[in-house]
1. Just grab the label-to-label distance for ASP228 and TYR261, each label 7 Å out from Cα along the Cβ direction, in nm (one decimal).
2. Using a Debye calculation, one point per C-alpha and no hydration shell, please list log10 I(q)/I(0) for region 4-231 at q = 0.14, 0.18 Å⁻¹ in order.
3. Please list 52-60, 240-248 highest first by mean number of surrounding beta-carbon atoms within 10 Å per residue.
4. Whose amide H sits under 5 Å from the amide H of LEU91, counting only residues 5 or more places off or on another chain, with H placed in the peptide plane?
5. Tell me, what is the percent relative contact order of the chain, built from C-alpha pairs under 8 Å that lie six or more residues apart?
6. Among LYS77, LYS273, LYS194, which one moves the most in a GNM of the chain with springs linking Cα atoms closer than 10 Å?
7. Any idea what the alpha-carbon Rg over 2.2 N^0.38 Å comes to for region 247-377?
8. Taking the chain as a whole, which cysteines find no other cysteine Cβ under 4.7 angstrom from their Cβ?
Amino acid sequence: MAKIAKIEVKEQDLLTSLNGFFKSLLQDGDLGAVMVPQHLPMKNAVMPTLVTDPEKINGADPLAPVFPLNAAKVVSKLTRRPTGRQVAVVLRPCEIRAFVELVKLKQGTMEDVILVGTDCYGAYGNRDYPRFTNGDGHNATLRFLQNVTSGKGTAFEDFDISPACKACEHPIPENADLLIGLLGVDTGNHLLVKANSSRGEVLLEKLELPETTEPEERAKAIEALVSDRIAYRDQMFTETSEATADIEKLTSYLANCVNCYNCRVACPVCYCKECVFVTDVFDHEPLQYLRWAKRKGIIKMPTDTVFYHITRLAHMSTACIGCGQCTNACPNDIPVMEIFRTVAHYTQKAFDYEAGRSVEDEPPMSVFREGEFRELTGGKD
């Protein structure tokens, strides 16, 4: 049975208690560093920080309803080569799942990393979060959590958490070494810390936290949240499939794309060191544009926008974990996440594969299975 302990919450302040927990990881956990999101003085930003001095953990806030980047790529940079010291990284569930995919794509390793995951209620877009905080990120997080746990929901004024979060059916970091639980927990009193692996159990033993049990309400709370998100997700799939059902609709859907490639840069599992779309292959000669325009009488500039997104879909749909950073990074608010998540759902379903579930699951395109897709290739089973 998994070892479960608790982080005692004092004066109803989860964040101060979490800061103490992260400091204890460095002090008592025999770790080289802890990577944790912290409030920074620059515009009250919440960004990953790599900390080796426990006294430098003062503004840690992995529960902030903001998601400026998927930190899986940062963890991959920390783990590409052995360091000889373990690093604990505090991540959202979708960040852990993205890192799992990167490990399978040989972009990082699990060898020197301890994954610490938190239950996730979702996050606002990068543009909306500053309005929600009104300059006070610490208390804004506490207010957000109070609204969610009291039944008031996540909507604020004229905006809500991102569609990616509303459609995420994985709010619990089940594949973390240490899971910090909020759902179904009396967070005014304590938080759960659950060891999901032997490494997590060893670390939890060193921290000497008081033991506890998982409350019965937790399973019900998780089930209710996941049910709501699946309903939203399935409706999103239906609407997006209709909106992109043919080439004309797809072209209209992507009409505002300016080829900035922000979505590619922001995607945590898009790992190519050199993208074909920024090579000479797509550095067309001036005369080529005139030929295309002559053929049709008119062409949209810049060109290759639809081709770019279709190519990314072909490359990434088996690895997409639905974090929504592609949409978050788009300057023209194109619902990129919706189409990638929709196509990824059906692609992964066809291969009986779920991105980010386990490092033991082999990526579909890396495995040959005789007899696969007979309905397309013909032949007998």
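Just so you know, all these numbers are worked out from the coordinates, no wet-lab data involved. Please read these numbers as outputs of a predicted model, since none were measured by experiment. Neighbour counts run over all protein chains shown; Cβ positions are idealised from the backbone, glycine included.
1. Result for the modelled spin labels: 4.0 nm.
2. The calculated log intensity ratios at q = 0.14, 0.18 Å⁻¹ are -0.87, -1.53.
3. Working: 52-60: 15.4, 240-248: 13.2.
Answer by packing, highest mean first, reads 52-60, 240-248.
4. Under 5 Å from the amide H of LEU91: VAL116, GLY117, THR118.
5. Values: 610 pairs, mean separation 72.1, N = 381.
Reported relative contact order: 19 percent.
6. Most flexible of the set in this elastic network: LYS273.
7. Details: Rg = 17.0 Å, N = 131, 2.2 N^0.38 = 14.0 Å.
Its radius of gyration relative to the 2.2 N^0.38 Å reference: 1.21.
8. CYS120, CYS165, CYS168, CYS257, CYS260, CYS272, CYS275, CYS320, CYS330
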